[in-house]
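One structure is given below, encoded as structure tokens.
The values are calculated or read from the model by the stated rules, or taken from the named source; none is laboratory data. Just so it is clear, the model here is predicted, and its values are computed rather than measured. Positions of Cβ are backbone-derived with ideal geometry, glycine not excepted, and every protein chain shown enters the neighbour counts.
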Amino acid sequence: MSRKKTISILGGTGDLGTGLALRFIKAGYKVVVGSRTLKKAEKASKRLGDHSVGMVNKDAATAADIIILTVPFAHQKSIVKECKKQLKGKLFIDTTVPLKPPRVATVQLPSEGSAAQISQNILGKRVRVVSAFQNVSAELLKSKQDIDCDVLVCGDKKSARKEVINLINSIGLKGWHAGRLGNSAAVEAMTSVLISINKHHSISHSGIKITGLKD
């Protein structure tokens, strides 16, 4: 299998980060697992195998041109601010959902409009911030089964959205242009809606599918 680009995942030791890492490695990418502590990053990388390496978040942000953030909302701002310098000129994929326990099944968007907009405000125009992966089950990503779920991609630059959609398609999912970054508010909010659907209908992993595409 020919090697592709390197992807760094900040906060990559959690369930979503691990799931995405497994999918990207399977698709032929090298993955850098970022964490606040080197020991934790290296431990997670070791579990993933030869095509991954563990680093602290700042070094992980330096090591690739495509960066994915997979952390709880409570840690988003601190990690983005910490890595701001290293992220200049890069493609930054923010998966953050503004969930506030214990009411995670209730939409609670931040005053900035969305978590993705928080990142863009911190990083400025020199970083291409794209929102994606909020509505995909981390547990399913970690499994070996196919995932019957689409991914909505928001970002102010169409070329950046397209690059992320290509990444999504390369790991067996279907990515969709979902408009400018402001639309991420709707995508992030949908996560709480899906959690509520799971709870009330005893579904393990509800997701989103786009219909109307002609064959």
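When you look at Ala160, is it touching a helix residue (DSSP H, G or I) at 6+ places or on another chain (Cβ under 9 Å), within 20 Å of Lys90 (Cβ to Cβ) and crowded, with 17+ Cβ neighbours inside 10 Å, yes or no? Write out each step before concluding.
Details: touching a helix residue (DSSP H, G or I) at 6+ places or on another chain (Cβ under 9 Å): no; within 20 Å of Lys90 (Cβ to Cβ): yes; crowded, with 17+ Cβ neighbours inside 10 Å: yes.
No; evaluated as a whole, the condition is false for this residue.
Looking at the stretch 118-135 only, could you name the residues that are polar (S, T, N, Q) and in contact (Cβ under 8 Å) with a residue 24 or more places away in the chain?
Within the stretch 118-135, Ser119, Gln120, Ser131, Gln134, Asn135 meet the criteria.
Inside the stretch 14-52, can you point out the residues that are within 20 Å of Thr96 (Cβ to Cβ), in a strand (DSSP E or B) and either of a type outside the set (Ser, Thr, Tyr) or over 19 Å from the mean Cα position of the chain (by Cα) (or both)?
Those that are within 20 Å of Thr96 (Cβ to Cβ), in a strand (DSSP E or B) and either of a type outside the set (Ser, Thr, Tyr) or over 19 Å from the mean Cα position of the chain (by Cα) (or both): Val31, Val32, Val33, Gly34.
Could you say whether any residue in the stretch 39-46 is buried (at least 17 other Cβ atoms within 10 Å of the Cβ) and either in contact (Cβ under 8 Å) with a residue 40 or more places away in the chain or touching a Leu at 6+ places or on another chain (Cβ under 8 Å) (or both)?
no
Testing Ala115 on (1) small (Gly, Ala, Ser); (2) under 25 Å from Ile25 (Cα atoms); (3) touching a residue at least 60 places away in the same chain (Cβ under 8 Å), one condition comes back false. Which one is that?
If we test Ala115 against (1) small (Gly, Ala, Ser); (2) under 25 Å from Ile25 (Cα atoms); (3) touching a residue at least 60 places away in the same chain (Cβ under 8 Å), just (2) comes out false.
Can you find a residue in the stretch 60-73 that is of a type in the set (Ser, Thr, Tyr) and surrounded by 24 or more Cβ atoms within 10 Å (Cβ to Cβ)? Walk me through it before giving the result.
As a first pass, look at the stretch 60-73 and keep what is of a type in the set (Ser, Thr, Tyr): 62, 70.
Now narrow it down to the ones that are surrounded by 24 or more Cβ atoms within 10 Å (Cβ to Cβ): 70.
Taking every residue of the stretch 60-73 in turn, at least one turns out to be of a type in the set (Ser, Thr, Tyr) and surrounded by 24 or more Cβ atoms within 10 Å (Cβ to Cβ).
Would you please name the residue that is surrounded by the fewest Cβ atoms within 10 Å (Cβ to Cβ), looking only at residues in the stretch 104-154 that are on the phi > 0 side of the Ramachandran plot and touching a helix residue (DSSP H, G or I) at 6+ places or on another chain (Cβ under 8 Å)? Steps first, please.
Initially, the stretch 104-154 is screened for residues on the phi > 0 side of the Ramachandran plot, giving 113, 124, 133.
Pick out the ones that are also touching a helix residue (DSSP H, G or I) at 6+ places or on another chain (Cβ under 8 Å) and you get 113, 133.
Details: Gly113: 17, Phe133: 26.
Applying the filter and picking the extreme gives Gly113.
Can you pull out every residue in the stretch 1-33 that is hydroxyl-bearing (Ser, Thr, Tyr), modelled with pLDDT of 95 or more and either farther than 14 Å from Leu167 by Cβ or surrounded by fewer than 15 Cβ atoms within 10 Å (Cβ to Cβ) (or both)?
Within the stretch 1-33, Thr13, Thr18 qualify.
For the stretch 198-213, give me the residue count where each residue is loosely packed, with under 11 Cβ neighbours inside 10 Å and in a helix (DSSP H, G or I).
Residues flagged as loosely packed, with under 11 Cβ neighbours inside 10 Å and in a helix (DSSP H, G or I) within the stretch 198-213 amount to 2.
Based on what the data block shows, is Leu194 part of a helix (DSSP H, G or I) and in contact (Cβ under 8 Å) with a residue 60 or more places away in the chain? Please lay out each step first, then the result.
Working: part of a helix (DSSP H, G or I): yes; in contact (Cβ under 8 Å) with a residue 60 or more places away in the chain: no.
Against the criterion (part of a helix (DSSP H, G or I) and in contact (Cβ under 8 Å) with a residue 60 or more places away in the chain), Leu194 does not qualify.
Among the residues of the stretch 76-102, what is the count of those that are surrounded by fewer than 15 Cβ atoms within 10 Å (Cβ to Cβ), modelled with pLDDT of 95 or more and at negative phi?
Residues flagged as surrounded by fewer than 15 Cβ atoms within 10 Å (Cβ to Cβ), modelled with pLDDT of 95 or more and at negative phi within the stretch 76-102 amount to 4.
Could you tell me which of the residues Ile118, Ile67 is out of contact with any strand residue (DSSP E or B) (no Cβ under 6 Å at 6 or more places or on another chain) and under 30 Å from Leu194 (Cα atoms)?
That would be Ile118, the only listed residue that is out of contact with any strand residue (DSSP E or B) (no Cβ under 6 Å at 6 or more places or on another chain) and under 30 Å from Leu194 (Cα atoms).
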